[in-house]
1. For Asn252, what is the net charge nearby, where nearby means another residue's Cβ is under 14 Å from its Cβ and Lys, Arg count +1, Asp, Glu -1?
2. Leu11 versus Ser57, label points 7 Å from Cα toward the beta carbon: distance in nm?
3. What residue among Leu26, Leu215, Leu269 shows peak mean-square fluctuation when the chain is described by a Gaussian network model with Cα springs under 10 Å?
4. If you work out semi-axes √(5λ) of the Cα gyration tensor in Å from the coordinates, which of (i) 47, 25, 19; (ii) 43, 28, 19; (iii) 51, 31, 16 do you get?
5. May I ask you to derive the relative contact order of the chain, considering only C-alpha pairs under 8 Å and at least 6 residues apart, and to give it as an integer percent?
6. Which links in Lys225/Lys406; Lys164/Lys296; Lys164/Lys365; Lys247/Lys328; Lys296/Lys328 stretch past 28 Å when you go from one Cα to the other?
7. For Asp158, Asp195, what ranking results if the residue with the fewest other Cβ atoms within 10 Å of its Cβ goes first?
8. When only Cα pairs under 8 Å and 6 or more residues apart are kept, what is the percent relative contact order across region 171-279?
Amino acid sequence: MILRFAILCALFLFIEFYSYQAFRTLIKLRWVLVSYQVISLLLLIFIIYSFSQVDRSVGQTRQFMFTTGLMLLVYVPKIVMTLILFGEDIFRIGASILNYFIYNAPRKEMMPDRRKFISQIALGLAAVPFLSLIYGIFEGKYNFKVVKQTIFFPDLPDAFDGFKITQISDVHSGSFDNPEKINYAIDLINEQEADMILFTGDIVNTHATEMHPWLDTFNRIKDYKYGKFSVLGNHDYGEYVIWPSEKQKDENFQEIKKLYGDIGFKLMLNEHTYIQKGDDKIALIGVENWGVNFKKVGDLNKASQNVAQDDFKILMSHDPSHWDAEIKNHPKNFHLSLAGHTHGMQFGIEIPGYFKWSLAQYIYKQWAGLYEEAGKYIYVNRGFGFHAYPGRVGIMPEITVIELKKGKNVA
């Protein structure tokens with residue numbers, strides 16, 4: 001514990017030292033530099049103090065999200081400056097070695113001065129994440145996008161050619177603070193002409209009570225001809241706080257399961273149902289959470305018991321890591337899996353059809369959008385809400401509309 005704290009302190013000092021160098025190179029007024037140091041110190045003390053006051057029996061609070069946002073707002077730009085100036089110092093040290101051993105330069109001329117334009121570049125680049133994070137907090141977290149995706153299957157039953165599914169995921173209702181924006185998102189959901197809606201988990205952050213102020217809002221989601229179905233996400237189990245007793249934890253879990261029914265969704269707990277359209281049917285399967293690094297209670301075999309191998313299947317499983325670990329090579333042949341969980345880290349860059357990047361890709365092989373392997377597909381929804389960082393940058397909250405088509409994918 002002491003070693004971790006020492007390493008963390010050393011890292012902060014390293015970042016503060018280099019970010020200060022950028023200002024010192026460009027600004028010569030002493031009072032400005034002293035003000036910068038004082039403000040930086042006060043912010044660091046506030047951030048450390050706020051995190052030290054986190055109550056593990058309560059979980060995420062407004063104060064925690066504010067502090068997380070502030071920390072990212074302060075230190076992500078400083079990390080950018082540090083990387084650039086540290087890189088410059090590597091160059092300067094290399095130059096000083098050459099000057100000493102090869103050019104025999106006088107001692108005072110050995111180390112090149114820090115270049116002003118490098119500090120200008122560092123500050124300019126640091127402004128990009130700074131402004132982006134501010135946008136993400138005030139606008140991005142409610143900048144809902146409807147993403148439409150068509151997927152072709154050669155063995156799709158004829159009656160389901162053109163069948164549309166709306167998917168939402170990761171509501172995290174305990175993070176919401178703007179009823180008008182959430183009502184707008186519900187209107188967006190209702191505007192989509194879909195046959196069925198699927199909700200792939202995480203209705204709350206931890207406590208069932210988080211959803212109570214939003215029940216009427218989510219009850220505005222219209223009825224769908226072929227139903228409203230859901231599964232649980234990792235946050236729905238109340239695993240991330242310290243409970244006074246197992247009894248209270250279980251009571252909260254039972255209340256969370258009830259919430260899905262309270263907003264009109266059939267919660268599927270390692271089970272399946274058949275969706276009948278005309279003379280054809282498809283199997284809809286829902287498992288509890290199963291993640292490589294999270295709670296493993298999803299049971300594919302139990303959920304798909306008595307489902308034929310050649311039935312067309314849609315599987316709901318919250319965590320996309322389940323796909324590689326168990327789903328894609330399962331003998332029951334799950335045609336389409338729907339997941340969420342990653343949020344795309346709520347931070348990244350997306351240029352549809354050209355470029356997609358987020359830190360999430362270094363943790364999850366499938367982290368946002370559609371993926372295919374051997375004719376089997378998984379779609380990972382980017383999430384409806386937000387968690388920890390109270391914003392979204394580049395990876396916007398998503399309402400997905402998937403259209404199933406019969407035939408071969410032309411892509």
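Laboratory data are not the source of any read-out in this text; all were calculated from the coordinates shown. The structure displayed is predicted, hence computed values, not measured ones. Positions of Cβ are backbone-derived with ideal geometry, glycine not excepted, and every protein chain shown enters the neighbour counts.
1. Numbers: positive: Lys247, Lys249, Lys257, Lys258; negative: Glu210, Asp236, Glu239, Glu246, Asp250, Glu251, Glu255.
That works out to -3.
2. Here the modelled spin labels are 3.0 nm apart.
3. For the chain, modelled as a Gaussian network with Cα springs under 10 Å, the answer is Leu26.
4. (i)
5. Worked out over the chain, it gives 21 percent.
6. Numbers: Lys225/Lys406 21 Å; Lys164/Lys296 30 Å; Lys164/Lys365 26 Å; Lys247/Lys328 37 Å; Lys296/Lys328 17 Å.
Too far apart for the 28 Å limit: Lys164/Lys296; Lys247/Lys328.
7. Lowest count first: Asp158, Asp195.
8. Details: 137 pairs, mean separation 32.1, N = 109.
Answer for region 171-279 is 29 percent.
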